[in-house]
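Accompanying notes for the structure given below.
What follows draws every value from the coordinates through simple rules; no lab data is involved. As the structure is a computational prediction, the values presented were derived from the model and not from experiment. Here Cβ is always computed from backbone atoms with ideal geometry, including for glycine, and neighbour counts include all displayed protein chains.
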Amino acid sequence: MNHIRNLDFQPRMRLISGRLEEQRKRVVTPLRRGVFLLPASITSLGLLSGVFALIAAINSHFELAALMIVVAFVCDGLDGRVARLSRSSTEFGIEYDSLSDVVAFGVAPAGVAYCWSLRMLATWGAVIAGVYIICAALRLARFNVQTASADKRRFVGLPVPGAAAMFAGLVLAYSYFELNSPRALCTLVAPLTLALAGLMISRVPYPSFKTINLAQHARVELIAVMLVVLAFLFAMPQFTAFMLATAYVASGPFLMLVRGERTHAAPVIGEAADPAAAPPPHDEHPPIHSSRGTGELSEPPLTPRLN
């Protein structure tokens, strides 16, 4: 009799377990989809900020355009951190972020520079702005290719957001001091645009802040410097933003020339590697490591449930 009851009990348990699993998927899947949607929403906000910066520059609202670039800069820093903390990084997010950066930190700053100053050079001004956009796109493409092998403590070449922040800081500082010298401004902006374009596709090492762990205890000197910077941001935000951007742009040549640091990276444009020259794999069937729960970029996308 007990044996018959056990046989009847097991199918019921399987049925209950199957229903619980189905209910769990109905609840968890929308939540996971929302987690994946949050970084993409922040990236979209940065993209829209770049578009608004370009529109503001066309309408000669250059200080507003600079502020929109700053908003895009903040969004670019937030979306990556949110994706890593929520373990929702995907290949789609990486590619979407790069496309957003081309607009927000490539097209928008070049448009601001042209409408603000380079227009005086006519065709040559358009050429200089175009060179900047091309170098920004090349820099982002190289970053995507070298993401897996690059040193996490250093960037290879000036990051595109850093170059855009330099333009935004210059516009804000020019407005803060109420300067009015178009010819002198054009004389400064034209070589600066070409210099930033060259630094983006160079191998000059730049510090990366991705490895900073905010949970660790910081040194007293670092805390004091941060407090001083915050005080200047409250007192003179436009000039302080310009100085911070200038300091970061100058930090790359400082690391290379003064401290002798070098980056060993593949060139932007070069011959493709010969597939036949690649060494054979050691294991014919390598083990598959699941990235679920680790936040790696190879996490498979979610397929929505069709009711």
> With r defined as the distance between the Cβ atoms of residue 134 and residue 91 and R0 fixed at 35 Å, what FRET efficiency is calculated, to the nearest 0.05?
Replying inline: 0.90
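Stretched out fully, how many nm does the piece from residue 188 to residue 222 gain, at 0.36 nm a residue minus the Cα gap?
8.9 nm
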